[in-house]
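One structure is given below, encoded as structure tokens.
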Amino acid sequence: MSQKIKIMLGVTGGIAAYKSAEIARLLIKNNFDVKVVMTRTAEDFITPLTFETLTNSKVYQYNTVEKENPMLHIDLARWADIILVAPATAEFLSKILHGRADDMLTTSCLAFDKKIILAPSMNKNMWENKATQENYQSLKKRSIIFFGPEFGTQACGDIGSGRMKEPEDILKDLQNIVKKKPKSFKGKKVLITAGPTVEYIDPVRYLSNRSSGMMGCEIANAFHNQGAEVILVKGPCTYKEQDEVNSIEVKSAKDMLSSVEDNISDCDIFVSVAAVSDFTASKLSKEKIKSDKGLTLELTKNIDILKIISEKYNMFSIGFAAETDELKKNALKKLKDKKISVIAANKVSFTDGIDNENNSITLYWGEGLEKILKLKNKKDLAIEFVEEISNIYN
Ligand SMILES: Cc1cc2nc3c(=O)[nH]c(=O)nc-3n(C[C@H](O)[C@H](O)[C@H](O)COP(=O)(O)O)c2cc1C
């Protein structure tokens, strides 16, 4: 019989603490070995007895002392394979970032050198607060894994980011981490475009758009992490892909097409995430256009890289459609007109979708098939996107 994976389930004092009971139940049901460690405030929301009953095991409170074992926090840290803290309060994020160790849970975390996973849960303003966001970014840089938070209705009635992931989804994410599932794109070669393109008007000015390149870079990372050989062709953007992803930097749509054509022939999949400028200047001025008068620019429709590639090369191709209106209608038209395998549509506005850390997309393919990937940060969304593409492709 394979050995059970040992989870230290940390419970902190957030309103979602009642859901931790369900997490504990699901973990036990799915063959994990679970020990629960609660903060003092968590006990204001849920009792240790609930967890003791569900896990059939002693619960460790903020001040638990065992006469026979004074180094309990070290023993707990040695025992666990993974620490999962759900819910993780704003206070807890701040505490572990700063190495605080003033109760059983924080002390055990500090003594722990394996995988820590946090499922934050808090009001949207608490989550969006610069302090919490800075703590979150710094913790990610320390390789702490985050499950969520999600966007949705909150206990206080607000709607926004900060909701804890549902227990079933936390279990699924955990299983994905521990299962080491076979990599779904092993042996495949994937070419991805990302970022904006720039179309010069004169030697110093250009037309471009607000694409940050984040979605394309994260999709490149996610394909790489699923075993694919990835080539990323990206327009000028500051967002960086993982070091292991091969990338080629380009400027204009013309450069992008030529770079894609140089590399596409032995690829299995083409993913066009780049926000290729739809227009280009009809005439490129060799001299800087003088600014003493107004300027009327004549623009020409730019090349459609996705259409050219999907028509010329017979491969599985995926396009992205950013739409401000009539998302489904416009996406389905592009799916048909460009003869591509899948279209990933997302709604954009001045505040949503583009140049933003979060996104949601709807995939359309085949005869009327569709799948909504809910709003979440682009890194998690890219992982889910690649998972769905693997279901469609394989
Ligand atoms: C009714 C109530 C609900 C709360 N819910 C949350 C929450 O969902 N998320 C959060 O970060 N803090 C929440 N707090 C604040 C935390 O309880 C507080 O920051 C506490 O110090 C957290 O301690 P701990 O992280 O050690 O458990 C809530 C407080 C109260 C009184």
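The values are calculated or read from the model by the stated rules, or taken from the named source; none is laboratory data. Since we're looking at a predicted model, the values are computed, not measured. We place every Cβ from the backbone using ideal geometry, glycine too, and count neighbours over all the protein chains shown.
Suppose we keep only residues that are part of a loop (DSSP other than H, G, I, E, B) and out of contact with any strand residue (DSSP E or B) (no Cβ under 6 Å at 6 or more places or on another chain) within segment 125-153. Which one would you say is surrounded by the most Cβ atoms within 10 Å (Cβ to Cβ)? Applying the filter and picking the extreme gives 129.
Anything in segment 223-260 that is among the small types (Gly, Ala, Ser) and in contact with a Lys or Arg (Cβ under 8 Å, 6 or more places away or on another chain)? List them, or say none. Across segment 223-260, the qualifying residues are 227, 228, 235, 247.
Segment 296-394 holds helices (runs of 4 or more DSSP H) entirely within its bounds, and those carrying 3 or more residues that are touching a residue at least 40 places away in the same chain (Cβ under 8 Å) and either within 20 Å of residue 185 (Cβ to Cβ) or more than 20 Å from the chain's Cα centre (by Cα) (or both) map to 305-312, 378-393.
Of the residues examined, residue 162 is one that is within 11 Å of the ligand (Cβ to nearest atom), within 20 Å of the chain's Cα centre (by Cα) and either under 30 Å from residue 390 (Cα atoms) or not in a helix (DSSP H, G or I) (or both). For segment 229-246, the criterion of being under 18 Å from residue 199 (Cβ atoms), surrounded by fewer than 16 Cβ atoms within 10 Å (Cβ to Cβ) and of a type in the set (S, T, N, Q) is met by no residue.
Scanning segment 62-88 for residues that are within 13 Å of the ligand (Cβ to nearest atom) and surrounded by 23 or more Cβ atoms within 10 Å (Cβ to Cβ) turns up 85, 86, 87, 88. Screening residue 11 with (1) more than 33 Å from the chain's Cα centre (by Cα); (2) under 18 Å from residue 174 (Cβ atoms); (3) β-branched (Val, Ile, Thr) gives one miss only, at (1). Within segment 246-288, the set of residues being farther than 27 Å from residue 335 by Cβ and under 21 Å from the mean Cα position of the chain (by Cα) comprises 246, 247. Here residue 152 clears all of (1) assigned by TED's automatic domain parsing to the domain that holds residue 19; (2) of a type outside the set (S, T, N, Q); (3) touching a residue at least 60 places away in the same chain (Cβ under 8 Å); (4) out of contact with any Phe, Trp or Tyr (no Cβ under 6 Å at 6 or more places or on another chain) except the condition numbered (3). Screening segment 4-13 for residues that are under 29 Å from residue 157 (Cβ atoms) and assigned to a strand (DSSP E or B) and picking the one that is farthest from the ligand (Cβ to nearest atom) gives 9. If the condition is being without any contact (Cβ under 8 Å) to a residue 12 or more places away in the chain and part of a loop (DSSP other than H, G, I, E, B), then segment 227-278 contributes only 243. Residue count for segment 99-130 under the criterion of being within 13 Å of the ligand (Cβ to nearest atom) and under 21 Å from residue 162 (Cβ atoms): the result is 13. Count of segment 324-347 residues, restricted to those that are in contact with a Lys or Arg (Cβ under 9 Å, 6 or more places away or on another chain) and at pLDDT below 85, is 2.
Filtering segment 62-79 to residues that are within 28 Å of residue 133 (Cα to Cα) and not aromatic (Phe, Trp, Tyr) leaves only 77. When you look at residue 173, is it at pLDDT below 95, more than 15 Å from the ligand (Cβ to nearest atom), out of contact with any helix residue (DSSP H, G or I) (no Cβ under 7 Å at 6 or more places or on another chain) and part of a helix (DSSP H, G or I), yes or no? Yes, satisfied.
Report, by residue number, each residue of segment 61-98 that is closer than 21 Å to residue 20 by Cβ and part of a loop (DSSP other than H, G, I, E, B). Passing the criteria: 61, 62, 63, 64, 80, 81, 89.
Residues that are in a loop (DSSP other than H, G, I, E, B), within 16 Å of the ligand (Cβ to nearest atom) and either at pLDDT below 95 or within 26 Å of the chain's Cα centre (by Cα) (or both) within segment 14-60 comprise 14, 15, 16, listed in sequence order. Scan segment 205-226 for residues that are of a type in the set (A, V, I, L, M) and under 16 Å from residue 282 (Cα atoms) and the total you get is 1.
Residue 4 - would you say it is closer than 21 Å to residue 169 by Cα and at pLDDT below 95? Yes; evaluated as a whole, the condition is true for this residue.
Summed over segment 304-327, residues that are exposed (fewer than 14 other Cβ atoms within 10 Å of the Cβ) and under 24 Å from residue 215 (Cα atoms) total 3. Flag: residue 133 matches the condition of being without any contact (Cβ under 8 Å) to a residue 40 or more places away in the chain and away from the ligand (no atom under 13 Å from the Cβ).
The residues listed here are 252, 212; of these, the one that is at pLDDT 95 or above and of a type in the set (Ser, Thr, Tyr) is 252.
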